[in-house]
1. Among all residue pairs at least 6 apart or on different chains, which show Cβ distances below 8 Å where the first residue, located in segment B:75-100, is on the phi > 0 side of the Ramachandran plot and the second is part of a loop (DSSP other than H, G, I, E, B)?
2. Evaluate segment A:353-365: report whether one residue or more is closer than 17 Å to A:VAL103 by Cα and in the same structural domain as A:LYS87 (by TED's automatic domain parsing).
3. Suppose we filter A:ILE375, A:ILE371, A:ILE402 for residues that are within 12 Å of another protein chain (Cβ to nearest Cβ) and either of a type in the set (Asp, Glu) or over 11 Å from the mean Cα position of the chain (by Cα) (or both); which single one remains?
4. Answer yes or no: is there a residue in segment A:264-279 that is surrounded by 13 or more Cβ atoms within 10 Å (Cβ to Cβ) and either over 19 Å from A:ILE134 (Cβ atoms) or not assigned by TED's automatic domain parsing to the domain that holds A:VAL163 (or both).
5. Would you list the strands (runs of 3 or more DSSP E) that sit entirely within segment B:88-164 and hold 2 or more residues that are within 18 Å of the chain's Cα centre (by Cα), surrounded by 21 or more Cβ atoms within 10 Å (Cβ to Cβ) and more than 8 Å from every other protein chain (Cβ to nearest Cβ)?
6. What pairs come out if I take residues in segment A:328-343 that are in contact (Cβ under 8 Å) with a residue 24 or more places away in the chain and pair them with residues that are surrounded by fewer than 23 Cβ atoms within 10 Å (Cβ to Cβ) and among the charged types (D, E, K, R) whose C-beta lies under 6 Å away, six or more apart or interchain?
7. I'd like the full set of residues that are assigned to a loop (DSSP other than H, G, I, E, B), within 14 Å of another protein chain (Cβ to nearest Cβ) and without any contact (Cβ under 8 Å) to a residue 40 or more places away in the chain, limited to segment B:19-55.
8. Tell me, which helices (runs of 4 or more DSSP H) lie completely within segment A:182-275 with 1 or more residues that are within 14 Å of chain B (Cβ to nearest Cβ) and touching an Asp or Glu at 6+ places or on another chain (Cβ under 8 Å)?
Amino acid sequence: MSDEFVTTVPDAALELALSRIASSTAAGEGSDMQGLRLDEVVVNMGPQHPSTHGVLRLVVTLDGEMVKDVIPVIGYLHRCKEKLAEKRTYYQYIPIPDRTEYVAGMNCEWGYVMTVEKLAGIRPTRRAEVIRVIMAELNRIASHLVAVGTFTADLAPLGTAMVFYMFRDREQILDLLESASGARMMFNYFRFGGVRYDLPDGWVEKCREFLDGFPKMVQEYESLVETNAIFLQRCLGKGVISQQDVVDYAITGPNARASGVAHDLRRTRPYSVYPELDFDLCLGQHGDVYDRYKVRIEEMKQSRAIILQCLDMLPKGPVQVGSLKPPYVITPPPGAVYTAQENPRGEYGTYIVSDGSRYPYRLKYRDPCFINLQIFPKLLSGNKIADAVAISGSMDLVLGGIDR
Amino acid sequence: MGIEIGSVKLSMDELATRVAQEFAGELTNVSVQEPDTIVARLERSELRQVARRLHDLAEIAYDSLNWIAAVDYRTHLESVYHLYSYATNTYLELHVEVPRAKAAVETVCDIWPAADWHEREAWDLMGIRYEGHPDLRRILLKDDWIGHPLRKDYVDLAENHPHV
(Lines give C-alpha, C1' and ligand atoms only; values in the text may rest on other atoms or scores of the structure.)
Protein backbone atom coordinates (compact mmCIF):
# COMPACT_ATOMS: atom_id res chain seq x y z
CA MET A 1 0.00 0.00 0.00
CA SER A 2 1.38 3.38 -0.92
CA ASP A 3 1.79 6.15 1.56
CA GLU A 4 -1.10 8.22 0.25
CA PHE A 5 -3.60 5.91 1.96
CA VAL A 6 -2.05 6.49 5.35
CA THR A 7 -3.94 9.16 7.24
CA THR A 8 -2.41 11.05 10.09
CA VAL A 9 -5.34 11.66 12.37
CA PRO A 10 -3.93 13.32 15.47
CA ASP A 11 -4.24 11.29 18.64
CA ALA A 12 -3.39 13.43 21.63
CA ALA A 13 -4.18 10.74 24.22
CA LEU A 14 -1.77 8.23 22.71
CA GLU A 15 0.97 10.85 22.46
CA LEU A 16 0.34 11.79 26.08
CA ALA A 17 0.65 8.16 27.21
CA LEU A 18 3.93 7.77 25.35
CA SER A 19 5.34 11.04 26.62
CA ARG A 20 4.50 10.11 30.19
CA ILE A 21 6.44 6.88 29.82
CA ALA A 22 9.33 8.71 28.21
CA SER A 23 9.50 11.29 30.99
CA SER A 24 9.37 8.66 33.74
CA THR A 25 12.21 6.62 32.30
CA ALA A 26 15.69 7.18 33.61
CA ALA A 27 18.00 7.78 30.64
CA GLY A 28 19.41 4.61 29.15
CA GLU A 29 18.04 2.29 31.78
CA GLY A 30 16.13 -0.56 30.14
CA SER A 31 14.83 1.67 27.38
CA ASP A 32 14.97 1.56 23.62
CA MET A 33 16.10 4.33 21.34
CA GLN A 34 12.89 6.33 21.61
CA GLY A 35 13.13 6.24 25.38
CA LEU A 36 10.31 3.70 25.79
CA ARG A 37 10.85 1.14 28.50
CA LEU A 38 11.06 -2.28 27.00
CA ASP A 39 8.77 -3.85 29.60
CA GLU A 40 5.98 -1.29 29.26
CA VAL A 41 3.29 -1.59 26.66
CA VAL A 42 0.62 0.90 25.66
CA VAL A 43 -2.67 -0.87 24.98
CA ASN A 44 -5.73 0.65 23.42
CA MET A 45 -8.82 -0.70 25.20
CA GLY A 46 -11.80 0.29 23.18
CA PRO A 47 -13.65 2.12 21.80
CA GLN A 48 -15.04 -1.19 20.55
CA HIS A 49 -13.95 -3.35 23.47
CA PRO A 50 -16.94 -5.28 24.92
CA SER A 51 -16.04 -4.53 28.53
CA THR A 52 -16.33 -0.79 27.96
CA HIS A 53 -20.14 -0.98 27.67
CA GLY A 54 -20.28 1.40 24.78
CA VAL A 55 -17.63 3.44 23.14
CA LEU A 56 -15.26 4.30 25.94
CA ARG A 57 -11.61 4.18 25.01
CA LEU A 58 -8.93 3.67 27.63
CA VAL A 59 -5.30 4.17 26.67
CA VAL A 60 -3.70 1.85 29.20
CA THR A 61 0.00 1.66 29.98
CA LEU A 62 0.85 -1.84 31.18
CA ASP A 63 3.88 -3.14 32.97
CA GLY A 64 3.41 -6.83 32.47
CA GLU A 65 -0.06 -7.42 33.83
CA MET A 66 -0.11 -4.34 36.04
CA VAL A 67 -1.87 -1.15 35.01
CA LYS A 68 0.49 1.78 35.44
CA ASP A 69 -1.42 4.58 33.80
CA VAL A 70 -4.87 5.11 32.29
CA ILE A 71 -6.00 7.89 29.99
CA PRO A 72 -9.74 7.79 29.28
CA VAL A 73 -10.74 9.10 25.86
CA ILE A 74 -14.38 10.00 25.38
CA GLY A 75 -16.50 11.77 22.81
CA TYR A 76 -17.18 8.91 20.39
CA LEU A 77 -20.91 9.21 21.07
CA HIS A 78 -21.02 13.01 21.20
CA ARG A 79 -24.25 14.15 19.56
CA CYS A 80 -24.24 17.82 20.60
CA LYS A 81 -27.29 17.46 22.83
CA GLU A 82 -26.54 20.76 24.54
CA LYS A 83 -26.30 22.61 21.24
CA LEU A 84 -29.48 20.91 19.99
CA ALA A 85 -31.41 22.48 22.86
CA GLU A 86 -30.68 25.97 21.56
CA LYS A 87 -32.40 25.21 18.27
CA ARG A 88 -35.53 23.57 19.66
CA THR A 89 -38.44 24.80 21.72
CA TYR A 90 -38.68 23.53 25.27
CA TYR A 91 -41.41 21.11 24.22
CA GLN A 92 -39.58 19.78 21.18
CA TYR A 93 -36.56 18.97 23.30
CA ILE A 94 -38.31 16.51 25.65
CA PRO A 95 -37.28 13.34 23.71
CA ILE A 96 -33.58 14.24 23.71
CA PRO A 97 -32.73 13.64 27.41
CA ASP A 98 -33.90 10.03 26.92
CA ARG A 99 -30.86 9.59 24.76
CA THR A 100 -28.32 10.70 27.31
CA GLU A 101 -28.49 7.83 29.76
CA TYR A 102 -30.45 5.59 27.52
CA VAL A 103 -30.97 2.78 30.03
CA ALA A 104 -32.73 5.19 32.43
CA GLY A 105 -34.72 7.36 30.06
CA MET A 106 -37.58 8.06 32.45
CA ASN A 107 -35.21 9.50 35.04
CA CYS A 108 -33.38 11.67 32.53
CA GLU A 109 -36.59 13.07 31.07
CA TRP A 110 -37.75 13.85 34.55
CA GLY A 111 -34.57 15.78 35.26
CA TYR A 112 -35.14 18.01 32.24
CA VAL A 113 -38.89 18.44 32.70
CA MET A 114 -38.46 19.24 36.39
CA THR A 115 -35.98 22.02 35.60
CA VAL A 116 -38.26 23.63 33.02
CA GLU A 117 -41.19 23.37 35.41
CA LYS A 118 -39.20 25.17 38.07
CA LEU A 119 -38.11 27.79 35.57
CA ALA A 120 -41.65 28.39 34.30
CA GLY A 121 -43.42 27.91 37.63
CA ILE A 122 -45.55 24.94 36.55
CA ARG A 123 -46.75 22.46 39.17
CA PRO A 124 -47.69 18.98 37.99
CA THR A 125 -50.84 17.33 39.26
CA ARG A 126 -50.69 15.01 42.21
CA ARG A 127 -51.53 11.91 40.19
CA ALA A 128 -48.84 12.78 37.66
CA GLU A 129 -46.28 13.17 40.46
CA VAL A 130 -47.01 9.69 41.80
CA ILE A 131 -46.95 8.17 38.31
CA ARG A 132 -43.59 9.84 37.71
CA VAL A 133 -42.13 8.26 40.83
CA ILE A 134 -43.47 4.84 39.81
CA MET A 135 -41.97 5.13 36.33
CA ALA A 136 -38.64 6.45 37.59
CA GLU A 137 -38.31 3.69 40.18
CA LEU A 138 -39.28 0.98 37.70
CA ASN A 139 -36.65 2.37 35.39
CA ARG A 140 -34.16 2.41 38.25
CA ILE A 141 -34.68 -1.32 38.76
CA ALA A 142 -34.32 -1.94 35.02
CA SER A 143 -31.17 0.15 34.93
CA HIS A 144 -29.60 -1.61 37.91
CA LEU A 145 -30.39 -4.95 36.29
CA VAL A 146 -28.40 -3.89 33.24
CA ALA A 147 -25.61 -2.55 35.43
CA VAL A 148 -25.23 -5.66 37.58
CA GLY A 149 -25.85 -8.04 34.69
CA THR A 150 -23.15 -6.65 32.44
CA PHE A 151 -20.82 -6.28 35.39
CA THR A 152 -21.04 -9.97 36.23
CA ALA A 153 -20.43 -10.79 32.57
CA ASP A 154 -17.19 -8.77 32.78
CA LEU A 155 -16.09 -10.91 35.71
CA ALA A 156 -16.23 -14.13 33.68
CA PRO A 157 -16.81 -16.82 36.35
CA LEU A 158 -20.51 -16.95 35.52
CA GLY A 159 -20.10 -16.32 31.85
CA THR A 160 -23.15 -14.59 30.55
CA ALA A 161 -25.65 -16.57 32.65
CA MET A 162 -26.49 -13.70 34.96
CA VAL A 163 -26.98 -11.26 32.11
CA PHE A 164 -29.66 -13.44 30.61
CA TYR A 165 -31.46 -13.89 33.92
CA MET A 166 -31.44 -10.17 34.49
CA PHE A 167 -32.36 -9.15 30.97
CA ARG A 168 -35.19 -11.67 31.05
CA ASP A 169 -36.65 -9.97 34.12
CA ARG A 170 -35.87 -6.50 32.87
CA GLU A 171 -38.01 -7.26 29.84
CA GLN A 172 -41.05 -7.42 32.13
CA ILE A 173 -40.33 -3.89 33.31
CA LEU A 174 -39.84 -2.65 29.77
CA ASP A 175 -43.21 -4.19 28.89
CA LEU A 176 -44.78 -2.21 31.71
CA LEU A 177 -43.10 1.00 30.62
CA GLU A 178 -44.05 0.34 27.02
CA SER A 179 -47.70 -0.21 27.79
CA ALA A 180 -47.76 3.11 29.67
CA SER A 181 -45.67 5.26 27.34
CA GLY A 182 -45.63 3.48 23.98
CA ALA A 183 -41.90 2.86 23.81
CA ARG A 184 -39.42 0.45 25.36
CA MET A 185 -36.55 2.80 26.01
CA MET A 186 -37.00 6.19 24.33
CA PHE A 187 -40.16 7.03 26.22
CA ASN A 188 -40.99 10.68 25.49
CA TYR A 189 -43.52 10.33 28.29
CA PHE A 190 -43.07 13.33 30.56
CA ARG A 191 -44.80 16.62 29.84
CA PHE A 192 -44.58 19.98 31.55
CA GLY A 193 -47.16 19.75 34.30
CA GLY A 194 -47.81 16.03 34.00
CA VAL A 195 -47.29 12.97 31.86
CA ARG A 196 -48.46 12.19 28.33
CA TYR A 197 -50.90 9.35 29.01
CA ASP A 198 -52.76 8.09 32.01
CA LEU A 199 -52.04 4.50 33.04
CA PRO A 200 -53.88 2.03 30.80
CA ASP A 201 -56.55 -0.28 32.22
CA GLY A 202 -55.13 -3.12 34.24
CA TRP A 203 -51.66 -1.56 34.43
CA VAL A 204 -51.63 -1.32 38.21
CA GLU A 205 -52.50 -5.00 38.55
CA LYS A 206 -49.80 -6.00 36.08
CA CYS A 207 -47.29 -3.88 37.94
CA ARG A 208 -48.25 -5.47 41.27
CA GLU A 209 -47.92 -8.89 39.72
CA PHE A 210 -44.37 -8.10 38.66
CA LEU A 211 -43.47 -6.66 42.05
CA ASP A 212 -44.86 -9.70 43.84
CA GLY A 213 -42.53 -11.95 41.91
CA PHE A 214 -39.56 -9.62 42.15
CA PRO A 215 -38.12 -10.68 45.56
CA LYS A 216 -37.80 -14.22 44.25
CA MET A 217 -35.88 -12.98 41.23
CA VAL A 218 -33.48 -11.00 43.43
CA GLN A 219 -33.00 -14.06 45.61
CA GLU A 220 -32.05 -15.97 42.49
CA TYR A 221 -29.45 -13.38 41.50
CA GLU A 222 -27.97 -13.33 44.97
CA SER A 223 -27.76 -17.09 45.23
CA LEU A 224 -26.07 -17.20 41.84
CA VAL A 225 -23.21 -14.86 42.62
CA GLU A 226 -22.80 -14.37 46.34
CA THR A 227 -21.86 -17.97 47.00
CA ASN A 228 -19.43 -18.04 44.11
CA ALA A 229 -15.89 -18.05 45.47
CA ILE A 230 -14.36 -16.69 42.28
CA PHE A 231 -16.86 -13.84 42.19
CA LEU A 232 -16.10 -12.91 45.77
CA GLN A 233 -12.35 -13.08 45.29
CA ARG A 234 -12.53 -10.80 42.32
CA CYS A 235 -14.74 -8.26 44.10
CA LEU A 236 -13.73 -8.01 47.73
CA GLY A 237 -11.25 -5.25 48.47
CA LYS A 238 -10.77 -4.31 44.82
CA GLY A 239 -11.01 -0.76 43.47
CA VAL A 240 -11.62 0.99 46.78
CA ILE A 241 -13.03 4.53 46.59
CA SER A 242 -12.45 6.36 49.88
CA GLN A 243 -14.90 8.88 51.31
CA GLN A 244 -12.37 11.61 50.60
CA ASP A 245 -12.32 10.57 46.94
CA VAL A 246 -16.10 10.81 46.86
CA VAL A 247 -15.91 14.41 48.05
CA ASP A 248 -12.94 15.40 45.90
CA TYR A 249 -14.26 13.91 42.68
CA ALA A 250 -17.94 14.73 43.37
CA ILE A 251 -18.92 11.09 42.94
CA THR A 252 -22.63 10.49 43.46
CA GLY A 253 -25.15 7.70 43.33
CA PRO A 254 -24.58 4.07 44.27
CA ASN A 255 -20.83 4.53 43.76
CA ALA A 256 -20.78 7.13 46.55
CA ARG A 257 -23.16 5.25 48.81
CA ALA A 258 -21.01 2.11 48.49
CA SER A 259 -18.28 4.13 50.20
CA GLY A 260 -20.64 4.92 53.05
CA VAL A 261 -21.48 8.49 52.03
CA ALA A 262 -25.18 8.98 52.80
CA HIS A 263 -25.90 11.24 49.86
CA ASP A 264 -29.09 10.63 47.92
CA LEU A 265 -30.99 13.50 46.35
CA ARG A 266 -34.26 11.78 47.16
CA ARG A 267 -33.32 12.47 50.79
CA THR A 268 -30.86 15.37 50.78
CA ARG A 269 -32.71 17.52 48.24
CA PRO A 270 -36.15 15.94 48.20
CA TYR A 271 -38.39 16.49 45.22
CA SER A 272 -41.81 15.31 44.07
CA VAL A 273 -43.53 13.02 46.62
CA TYR A 274 -40.34 11.43 47.97
CA PRO A 275 -40.66 13.15 51.39
CA GLU A 276 -43.86 11.15 51.98
CA LEU A 277 -42.30 7.82 51.09
CA ASP A 278 -40.59 5.45 53.46
CA PHE A 279 -37.35 3.93 52.19
CA ASP A 280 -33.84 3.25 53.41
CA LEU A 281 -30.55 4.47 52.03
CA CYS A 282 -28.36 1.51 51.16
CA LEU A 283 -24.84 2.19 52.31
CA GLY A 284 -21.68 0.16 51.86
CA GLN A 285 -18.75 0.14 54.26
CA HIS A 286 -15.62 -0.38 52.23
CA GLY A 287 -16.32 1.24 48.89
CA ASP A 288 -14.95 -1.72 46.96
CA VAL A 289 -16.31 -3.51 43.92
CA TYR A 290 -18.40 -5.85 46.04
CA ASP A 291 -20.08 -2.99 47.91
CA ARG A 292 -20.97 -1.27 44.67
CA TYR A 293 -22.58 -4.49 43.47
CA LYS A 294 -24.40 -5.02 46.76
CA VAL A 295 -25.69 -1.45 47.02
CA ARG A 296 -27.36 -1.81 43.63
CA ILE A 297 -29.01 -5.07 44.64
CA GLU A 298 -30.32 -3.50 47.85
CA GLU A 299 -31.52 -0.39 46.01
CA MET A 300 -33.64 -2.52 43.73
CA LYS A 301 -35.42 -3.87 46.82
CA GLN A 302 -35.95 -0.33 48.09
CA SER A 303 -37.29 0.78 44.71
CA ARG A 304 -39.78 -2.05 44.86
CA ALA A 305 -40.93 -0.84 48.28
CA ILE A 306 -41.30 2.71 46.93
CA ILE A 307 -43.39 1.60 43.97
CA LEU A 308 -45.67 -0.46 46.22
CA GLN A 309 -46.29 2.60 48.43
CA CYS A 310 -46.97 4.72 45.36
CA LEU A 311 -49.45 2.20 43.96
CA ASP A 312 -51.25 2.29 47.31
CA MET A 313 -51.45 6.07 47.40
CA LEU A 314 -52.10 6.61 43.68
CA PRO A 315 -54.77 9.33 43.71
CA LYS A 316 -57.51 9.80 41.15
CA GLY A 317 -57.55 12.85 38.94
CA PRO A 318 -56.01 14.31 35.80
CA VAL A 319 -52.45 13.49 34.76
CA GLN A 320 -51.95 16.85 33.08
CA VAL A 321 -52.33 20.25 34.62
CA GLY A 322 -54.67 22.69 32.89
CA SER A 323 -56.29 21.40 29.71
CA LEU A 324 -55.96 17.81 28.54
CA LYS A 325 -53.24 18.78 26.11
CA PRO A 326 -49.79 19.60 27.43
CA PRO A 327 -48.51 23.17 26.93
CA TYR A 328 -46.79 23.08 23.55
CA VAL A 329 -45.29 26.55 23.73
CA ILE A 330 -43.93 27.86 26.96
CA THR A 331 -41.87 30.97 27.50
CA PRO A 332 -40.25 30.89 30.94
CA PRO A 333 -39.13 34.24 32.36
CA PRO A 334 -35.43 35.11 31.94
CA GLY A 335 -33.20 33.48 34.51
CA ALA A 336 -31.17 30.42 35.24
CA VAL A 337 -32.15 27.34 37.21
CA TYR A 338 -30.40 24.14 38.18
CA THR A 339 -32.31 21.15 39.48
CA ALA A 340 -31.23 17.59 39.85
CA GLN A 341 -32.80 14.23 40.50
CA GLU A 342 -31.37 10.97 41.72
CA ASN A 343 -30.66 8.98 38.61
CA PRO A 344 -29.67 5.28 38.93
CA ARG A 345 -26.08 6.47 38.47
CA GLY A 346 -26.11 9.55 40.66
CA GLU A 347 -26.97 13.20 40.49
CA TYR A 348 -28.42 13.94 37.07
CA GLY A 349 -28.84 17.67 36.85
CA THR A 350 -29.87 20.14 34.22
CA TYR A 351 -28.86 23.79 34.22
CA ILE A 352 -31.00 25.92 31.94
CA VAL A 353 -30.49 29.58 31.14
CA SER A 354 -33.61 31.23 29.75
CA ASP A 355 -33.69 34.53 27.89
CA GLY A 356 -37.49 34.68 27.91
CA SER A 357 -37.91 33.17 24.45
CA ARG A 358 -39.43 29.84 23.40
CA TYR A 359 -35.99 28.24 23.14
CA PRO A 360 -33.55 27.42 25.95
CA TYR A 361 -30.71 29.93 25.72
CA ARG A 362 -28.23 27.46 27.15
CA LEU A 363 -28.68 23.98 28.52
CA LYS A 364 -26.02 22.12 30.44
CA TYR A 365 -26.16 18.58 31.78
CA ARG A 366 -24.52 17.49 34.95
CA ASP A 367 -24.09 13.88 34.04
CA PRO A 368 -23.12 11.50 36.87
CA CYS A 369 -21.15 9.11 34.65
CA PHE A 370 -19.04 11.89 33.16
CA ILE A 371 -18.01 12.86 36.65
CA ASN A 372 -17.65 9.33 38.02
CA LEU A 373 -15.34 8.49 35.13
CA GLN A 374 -12.84 11.15 36.16
CA ILE A 375 -11.48 9.04 38.98
CA PHE A 376 -10.50 6.18 36.62
CA PRO A 377 -6.79 6.99 36.26
CA LYS A 378 -6.44 7.01 40.04
CA LEU A 379 -8.74 4.04 40.60
CA LEU A 380 -7.35 1.65 38.00
CA SER A 381 -3.62 2.34 38.36
CA GLY A 382 -1.85 -0.31 40.37
CA ASN A 383 -4.39 -3.03 39.62
CA LYS A 384 -4.08 -5.99 37.30
CA ILE A 385 -5.62 -5.44 33.89
CA ALA A 386 -8.32 -8.08 34.53
CA ASP A 387 -9.28 -6.31 37.76
CA ALA A 388 -9.38 -3.02 35.92
CA VAL A 389 -12.12 -4.47 33.76
CA ALA A 390 -14.02 -5.60 36.86
CA ILE A 391 -13.65 -2.20 38.50
CA SER A 392 -14.79 -0.26 35.45
CA GLY A 393 -17.76 -2.63 35.17
CA SER A 394 -18.69 -1.93 38.79
CA MET A 395 -18.75 1.83 38.14
CA ASP A 396 -21.70 1.39 35.77
CA LEU A 397 -20.91 3.84 33.00
CA VAL A 398 -23.32 4.81 30.23
CA LEU A 399 -21.56 6.49 27.37
CA GLY A 400 -24.63 8.23 26.03
CA GLY A 401 -24.57 10.38 29.14
CA ILE A 402 -20.83 10.85 29.28
CA ASP A 403 -20.53 12.08 25.70
CA ARG A 404 -23.92 13.83 25.52
CA MET B 1 -34.80 25.08 55.09
CA GLY B 2 -32.91 24.65 58.33
CA ILE B 3 -29.20 23.99 58.46
CA GLU B 4 -27.50 22.56 61.52
CA ILE B 5 -23.91 23.41 62.33
CA GLY B 6 -23.02 21.66 65.55
CA SER B 7 -25.81 22.74 67.88
CA VAL B 8 -26.49 26.00 66.01
CA LYS B 9 -29.41 26.15 63.62
CA LEU B 10 -29.29 28.48 60.66
CA SER B 11 -31.80 29.44 58.03
CA MET B 12 -30.76 29.66 54.40
CA ASP B 13 -30.75 33.48 54.58
CA GLU B 14 -28.55 33.45 57.65
CA LEU B 15 -26.09 31.13 55.94
CA ALA B 16 -26.01 33.44 52.91
CA THR B 17 -25.33 36.40 55.23
CA ARG B 18 -22.52 34.49 56.89
CA VAL B 19 -20.93 33.61 53.56
CA ALA B 20 -21.33 37.20 52.36
CA GLN B 21 -19.64 38.52 55.51
CA GLU B 22 -16.83 36.02 55.25
CA PHE B 23 -16.11 37.17 51.70
CA ALA B 24 -17.12 40.82 52.01
CA GLY B 25 -15.81 42.77 49.03
CA GLU B 26 -15.16 39.61 47.02
CA LEU B 27 -18.54 37.96 46.57
CA THR B 28 -21.11 40.43 45.25
CA ASN B 29 -24.84 40.19 44.52
CA VAL B 30 -25.22 37.40 47.08
CA SER B 31 -28.77 36.04 46.99
CA VAL B 32 -30.62 32.86 47.89
CA GLN B 33 -32.30 30.71 45.28
CA GLU B 34 -34.87 28.46 46.91
CA PRO B 35 -34.60 25.95 48.36
CA ASP B 36 -30.89 25.50 49.06
CA THR B 37 -28.63 27.48 46.74
CA ILE B 38 -26.65 30.67 47.35
CA VAL B 39 -25.92 32.57 44.14
CA ALA B 40 -23.09 35.11 44.00
CA ARG B 41 -20.87 36.93 41.53
CA LEU B 42 -17.11 37.07 41.68
CA GLU B 43 -14.28 38.91 39.90
CA ARG B 44 -12.13 36.52 37.94
CA SER B 45 -8.91 37.93 39.42
CA GLU B 46 -10.09 36.82 42.86
CA LEU B 47 -11.34 33.39 41.85
CA ARG B 48 -8.41 31.32 43.04
CA GLN B 49 -7.96 32.73 46.50
CA VAL B 50 -11.72 32.73 47.12
CA ALA B 51 -11.91 29.15 45.87
CA ARG B 52 -9.12 28.08 48.17
CA ARG B 53 -10.79 29.67 51.18
CA LEU B 54 -14.24 28.31 50.30
CA HIS B 55 -12.76 24.84 50.11
CA ASP B 56 -11.10 25.19 53.52
CA LEU B 57 -13.80 27.12 55.41
CA ALA B 58 -14.41 25.94 58.95
CA GLU B 59 -17.83 24.34 59.57
CA ILE B 60 -19.41 25.36 56.26
CA ALA B 61 -16.71 24.30 53.78
CA TYR B 62 -17.78 24.00 50.14
CA ASP B 63 -15.61 20.95 49.74
CA SER B 64 -17.07 19.45 46.56
CA LEU B 65 -17.27 20.94 43.09
CA ASN B 66 -20.48 19.74 41.52
CA TRP B 67 -20.00 21.07 37.99
CA ILE B 68 -18.73 23.98 35.91
CA ALA B 69 -20.81 25.43 33.09
CA ALA B 70 -19.73 27.95 30.51
CA VAL B 71 -22.38 30.31 29.15
CA ASP B 72 -22.09 32.71 26.23
CA TYR B 73 -24.05 35.90 26.96
CA ARG B 74 -22.97 37.50 23.65
CA THR B 75 -21.49 40.55 25.41
CA HIS B 76 -19.32 38.36 27.57
CA LEU B 77 -18.80 34.76 28.60
CA GLU B 78 -19.45 33.35 32.00
CA SER B 79 -17.89 30.48 33.91
CA VAL B 80 -20.38 29.13 36.46
CA TYR B 81 -19.09 27.09 39.39
CA HIS B 82 -21.61 24.98 41.26
CA LEU B 83 -20.28 23.92 44.65
CA TYR B 84 -21.70 21.56 47.21
CA SER B 85 -21.14 21.53 50.93
CA TYR B 86 -21.43 18.12 52.56
CA ALA B 87 -21.39 19.78 56.00
CA THR B 88 -24.45 21.97 55.45
CA ASN B 89 -26.08 20.17 52.50
CA THR B 90 -26.29 23.43 50.55
CA TYR B 91 -25.09 24.62 47.17
CA LEU B 92 -23.17 27.72 46.15
CA GLU B 93 -23.29 28.98 42.59
CA LEU B 94 -20.47 31.33 41.62
CA HIS B 95 -20.72 33.38 38.43
CA VAL B 96 -17.40 34.59 37.05
CA GLU B 97 -17.51 36.98 34.11
CA VAL B 98 -14.97 36.29 31.36
CA PRO B 99 -14.44 38.86 28.58
CA ARG B 100 -14.73 37.56 25.03
CA ALA B 101 -11.55 39.30 23.93
CA LYS B 102 -9.38 37.43 26.40
CA ALA B 103 -11.38 34.36 27.35
CA ALA B 104 -9.20 33.04 30.10
CA VAL B 105 -9.64 32.31 33.77
CA GLU B 106 -7.41 30.57 36.26
CA THR B 107 -7.89 26.88 36.91
CA VAL B 108 -9.27 25.49 40.15
CA CYS B 109 -8.55 21.84 39.40
CA ASP B 110 -5.81 21.65 42.03
CA ILE B 111 -8.33 22.83 44.65
CA TRP B 112 -11.23 20.62 43.53
CA PRO B 113 -9.94 17.64 41.49
CA ALA B 114 -13.42 17.29 39.97
CA ALA B 115 -12.87 20.53 38.04
CA ASP B 116 -10.41 18.89 35.67
CA TRP B 117 -12.79 17.55 33.02
CA HIS B 118 -15.32 20.33 33.40
CA GLU B 119 -12.65 22.85 32.51
CA ARG B 120 -11.59 20.77 29.54
CA GLU B 121 -15.21 20.61 28.42
CA ALA B 122 -15.68 24.35 28.78
CA TRP B 123 -12.49 24.91 26.79
CA ASP B 124 -13.58 22.43 24.14
CA LEU B 125 -17.11 23.69 23.59
CA MET B 126 -16.96 27.32 24.71
CA GLY B 127 -13.32 28.27 24.28
CA ILE B 128 -12.56 29.49 27.77
CA ARG B 129 -8.90 28.89 28.50
CA TYR B 130 -8.28 27.72 32.06
CA GLU B 131 -4.78 28.93 32.83
CA GLY B 132 -2.61 26.57 34.82
CA HIS B 133 -4.65 23.48 33.91
CA PRO B 134 -2.18 20.60 33.57
CA ASP B 135 -3.76 19.00 30.51
CA LEU B 136 -6.13 21.37 28.69
CA ARG B 137 -6.97 19.18 25.70
CA ARG B 138 -10.27 18.89 23.87
CA ILE B 139 -12.47 16.28 25.51
CA LEU B 140 -15.70 15.69 23.58
CA LEU B 141 -14.70 16.84 20.11
CA LYS B 142 -11.84 15.50 18.04
CA ASP B 143 -8.33 16.72 18.73
CA ASP B 144 -8.15 18.62 15.43
CA TRP B 145 -11.51 20.37 15.61
CA ILE B 146 -11.45 24.06 14.82
CA GLY B 147 -13.59 26.49 16.81
CA HIS B 148 -15.82 26.20 19.86
CA PRO B 149 -19.36 25.14 18.90
CA LEU B 150 -21.34 26.40 21.88
CA ARG B 151 -20.32 30.00 21.18
CA LYS B 152 -23.28 31.90 19.83
CA ASP B 153 -21.23 33.21 16.89
CA TYR B 154 -19.86 29.79 15.89
CA VAL B 155 -20.06 28.96 12.19
CA ASP B 156 -19.41 25.37 11.17
CA LEU B 157 -17.32 25.08 8.03
CA ALA B 158 -16.79 21.72 6.33
CA GLU B 159 -13.19 22.54 5.38
CA ASN B 160 -12.36 22.78 9.07
CA HIS B 161 -12.76 19.04 9.44
CA PRO B 162 -10.45 17.16 7.10
CA HIS B 163 -10.98 13.75 8.75
CA VAL B 164 -14.76 13.58 8.79
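1. B:ASN89/A:ARG269; B:ASN89/B:ASP36
2. There is at least one residue in segment A:353-365 that is closer than 17 Å to A:VAL103 by Cα and in the same structural domain as A:LYS87 (by TED's automatic domain parsing).
3. After ruling out the rest, the residue left standing is A:ILE375.
4. There is at least one residue in segment A:264-279 that is surrounded by 13 or more Cβ atoms within 10 Å (Cβ to Cβ) and either over 19 Å from A:ILE134 (Cβ atoms) or not assigned by TED's automatic domain parsing to the domain that holds A:VAL163 (or both).
5. Ranges flagged: B:90-98.
6. Correct list of pairs: A:VAL329/A:ARG358; A:THR331/A:ARG358; A:VAL337/A:LYS118; A:THR339/A:LYS118; A:GLU342/A:ARG266.
7. Once the filter is applied, which keeps residues that are assigned to a loop (DSSP other than H, G, I, E, B), within 14 Å of another protein chain (Cβ to nearest Cβ) and without any contact (Cβ under 8 Å) to a residue 40 or more places away in the chain, segment B:19-55 yields B:GLU34, B:PRO35.
8. Filter on segment A:182-275 gives A:243-248, A:254-257, A:265-268.
The values are calculated or read from the model by the stated rules, or taken from the named source; none is laboratory data. Remember, it's a predicted structure, so these values are computed and weren't measured experimentally. Note that each Cβ is placed from the backbone with ideal geometry, even for glycine, and that neighbours are counted across all protein chains shown.
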